[in-house]
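**Student:** For reference, the structure I am asking about is given below.
Values quoted throughout were computed directly from the atomic coordinates according to the rules given, and no laboratory measurement underlies them. Quick caveat, the model's predicted, so the values are computed rather than measured. Neighbour counts run over all protein chains shown; Cβ positions are idealised from the backbone, glycine included.
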């Protein structure tokens, strides 16, 4: 698949078939993602790939803690509540997803179920936990920027191989659970996770593609004729 086609067609997938994803295919996808650039070639990222029993333990732990009212525990600063245009975009994609799934505004039970799906990594057969080297925290947010590059490379490479993915901050909101079952070393910071697998074409929300700004709205050009 051509890179421009991959980038234009890719969308977040939130419904997956239960079919396993072969490790060899995941290694191929990760090898491509690892081509991402990084500051001074530091390559600060690590990918912890979970399936089977370890992933089920993460799902169960996340669900149990959230339903018990345990406050989220992330290892990076939370973004807090969005305001202004950023809040508008957040609301817009939520409306698209709920409309696709037929979830009414007053349907608190189904809205709550949708939220919990995120904590379960959308029931995907694979979850890739993205971390970076804690030693680079003192250098500012550069390592997070670099880890973002490899994460985007991961979802693009997955899409090019017929896999679907969604970058899912909900999946690591109970980071102690993730750290325990993914056996993440203490010298790494948990950043996010990527739910990954074969798209379920019957899952309505998988057809949703977020609205994007035009070039004229997000880019400025200087010194051109």
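**Student:** Test of understanding: in a Gaussian network model of the chain with alpha carbons linked when under 10 Å, which of 66, 116, 40 would top the mean-square fluctuation ranking?
**Tutor:** 40
**Student:** Separate question: Roughly how many nanometres apart are two label points built 7 Å out from the Cα toward the Cβ at residue 104 and residue 225?
**Tutor:** About 6.1 nm, to one decimal.
**Student:** What ranking of 19, 225 emerges when the number of other C-beta atoms within 10 Å of each C-beta is taken as an exposure proxy, fewest first?
**Tutor:** Numbers: 19 10, 225 2.
Sorted ascending by nearby Cβ count, the order is 225, 19.
**Student:** Using the number of other C-beta atoms within 10 angstrom as an exposure proxy, rank 175, 38, 204 with the fewest first. Each step should come with its number before you reach the end.
**Tutor:** On the way: 175 21, 38 17, 204 14.
Lowest count first: 204, 38, 175.
**Student:** Ok, one more. So for segment 15-134, Kirkwood radius off the Cα pairs, Stokes-Einstein at 37 °C and 0.692 mPa s: how many µm² s⁻¹? Intermediate values should be presented prior to the final figure.
**Tutor:** Numbers: Rh = 17.5 Å.
Approximately 188 µm²/s, per Stokes-Einstein.
**Student:** Can you give the extra length, in nm with one decimal, that the chain gains between residue 42 and residue 60 once fully stretched, where that is 0.36 nm per residue apart less the Cα-Cα distance? Provide the component values of the computation, followed by the final result.
**Tutor:** Numbers: separation 18, 0.36 × 18 = 6.48 nm, distance 3.47 nm.
The residue 42-residue 60 span can extend by a further 3.0 nm.
**Student:** Another question about this same structure. For segment 32-73, just the Cα set please: Rg and Dmax, both in angstrom.
**Tutor:** Rg, Dmax (Cα atoms, Å): 16.1, 44.
**Student:** Show me, bin by bin at 5 Å from 0, the whole-percent P(r) of the chain based on Cα pairs.
**Tutor:** 1, 6, 13, 17, 19, 19, 14, 7, 3, 1, 0, 0, 0
**Student:** Turning to a different aspect of this structure: Calculate the spin-label point distance for residue 142 paired with residue 76, positioning each point 7 Å from the Cα along the beta-carbon direction, and give it in nanometres.
**Tutor:** According to this spin-label approximation, the distance is 1.7 nm.
**Student:** Anyone know which of 153, 140, 102 comes out most mobile in the 10 Å Cα GNM of the chain?
**Tutor:** Maximum among the listed residues: 140.
**Student:** Another question, if that's okay. Hey, with R₀ at 22 Å, roughly what FRET efficiency would residue 202 and residue 28 work out to, going by the Cβ-Cβ distance, to 0.05? Present the calculation step by step, with values, prior to reporting the outcome.
**Tutor:** On the way: r = 27 Å, r/R0 = 1.22.
So the FRET efficiency works out to roughly 0.25.
**Student:** Neighbouring Cβ atoms within 10 Å as the yardstick, rank 137, 187 fewest first. Display every interim value, and only then the final one.
**Tutor:** Working: 137 15, 187 10.
Going from least to most buried by this count: 187, 137.
**Student:** Given the options 181, 139, 46, state which has the largest fluctuation in a GNM of the chain using a 10 Å cut-off (strictly under) for Cα springs.
**Tutor:** Comparing 181, 139, 46 in a Gaussian network model of the chain, the most mobile one is 139.
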